[in-house]
Amino acid sequence: MRWFLGLVLVIALITGALYGVGRFLLPNALDVTRTTQVERPRASVFAMINDLNIAREWSPYNARDPDAEYAISPEPGAGQTMRWSSNLREVGSGRMSIVRSMENESVESIIEIGERATLNSHVELAPVEGQTAVAWSVSAMCAEGWINVPCRYMNLIMRSTIEKDLDSGLARLKDRAEQLPPYDFEGFDIVALPVAPQDVMFVDVTLSNAAPTFDDRARAEQQGIAALMVAITAAGGQADLATLVRIFPQDNGVGGRYRFSVGYPYSGPAPVLVGARVGQTPGGAALRATFVGRRSQVPAMYQRLEAYRQAHRIALRPGAEAWEVVTAVAQPEGADGTDPVERTEIYYPIE
């Protein structure tokens, strides 16, 4: 009997010691932060953390079980949710919800891992000389009551696991982000929107060089516009000469030739043209980038638009043509007038 009472006493002492250590020495909060530096502008990195459909690509949980089932709401940013379910015990089931999003700066989320834990996630982005410093923090607070002390011990156990998960996720994020084009689209006017087709009188232009210079293309365009004006005048058509439209096929440069179409919008009945044609710009969903500046600077806007499209995982519509809608802003400089300041809207047809 004495040995039993002694055992009870030992257990009571150990339990009391564990309680005292947990209650007074172990922290009530779990707070883990890991960092990395991504060699891409922060707008590209933000696109990959603000959309849970993309975040799934670099999620440490998805890395453990790529075959897990996911249900993700479509709209990125605050309010988006992701549920997952896996047969692997270490992945299990859970839910992640974005609760706050500051464009190109930070994303805050709540991660619910089954009934085991609820974690707060905060990803902070800071620009550093064309690169992005990423800090990913995960925190949790133990509730009061009988669960408080066991929770403190659980936090101690979970810390190393969470550190490994954050390191794994950041490494995957860095790898995927650095596969994107390096162009910075932050602060530029790029949006996805539905677009109605526009009636246009066109002339087609072909250059024998698959990669013409800006000057070569400008001269060919002026010759095309001159021919178009002859056709419009002969047909008695009425065109909006204040707005220029250019259309570019997706397979441009194939066969050693560079092709595009240039024209003016019109309204009313379609005229019968000789040496030109009547057509429409593509309609439907499009990605639009608006740029105001010299015409020679427009190619750089295409690079930004393409970086935006890839970062947001936006697919081009197969076979559809890109186009530009241009209006003059200021008189051109120079005798030839080939590099005016214009407002250029670039449209990519998307799925």
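The values are calculated or read from the model by the stated rules, or taken from the named source; none is laboratory data. None of these values were measured; they are calculated from a predicted model. The accessibility values were calculated without ligands, DNA or RNA, using every heavy atom of the protein model including side chains. Shrake-Rupley method; radii C 1.70, N 1.55, O 1.52, S 1.80 Å.
So how do SER97, SER168 rank on accessible area, 1.4 Å probe, biggest first, that is with the largest at the start?
My answer, sorted largest first, is SER168, SER97.
Rolling a 1.4 Å sphere over the protein heavy atoms, what is the accessible area per residue of the range 222-295, to the nearest Å²? Don't jump to the answer; show the numbers that get you there.
Numbers: 3550 Å² over 74 residues.
Dividing the accessible area of the range 222-295 by its residue count gives 48 Å².
From the phi of every residue in the range 82-94, what ³J(HN,Hα) in whole Hz does the Karplus formula 6.51 cos²θ - 1.76 cosθ + 1.60 yield, where θ is phi - 60° and glycine or proline is x?
In residue order, the calculated couplings are 9, 10, 9, 8, 9, 7, 7, 4, 6, 9, x, 10, x Hz.
How large is ³J(HN,Hα), in whole Hz, for each residue of the range 123-137 in order, when computed from phi with the Karplus curve 6.51 cos²θ - 1.76 cosθ + 1.60 and θ = phi - 60°, using x for Gly and Pro?
10, 10, 10, 9, x, 9, 6, x, 10, 9, 8, 10, 10, 10, 10
Alpha carbon centre of the range 63-131 versus the range 251-306: separation in Å?
Taking the Cα centre of the range 251-306 as reference, the centre of the range 63-131 is 40 Å away.
Amide H neighbours of ALA78 under 5 Å, counting only residues 5+ apart in sequence or on other chains, H built in-plane at 1.01 Å?
SER101
Could you compute how much accessible surface LYS164 exposes when probed at 1.4 Å, giving the result in Å² to the nearest 10?
140 Å²
Sort TYR348, TYR302 by heavy-atom solvent-accessible area, probe 1.4 angstrom, most to least.
TYR302, TYR348
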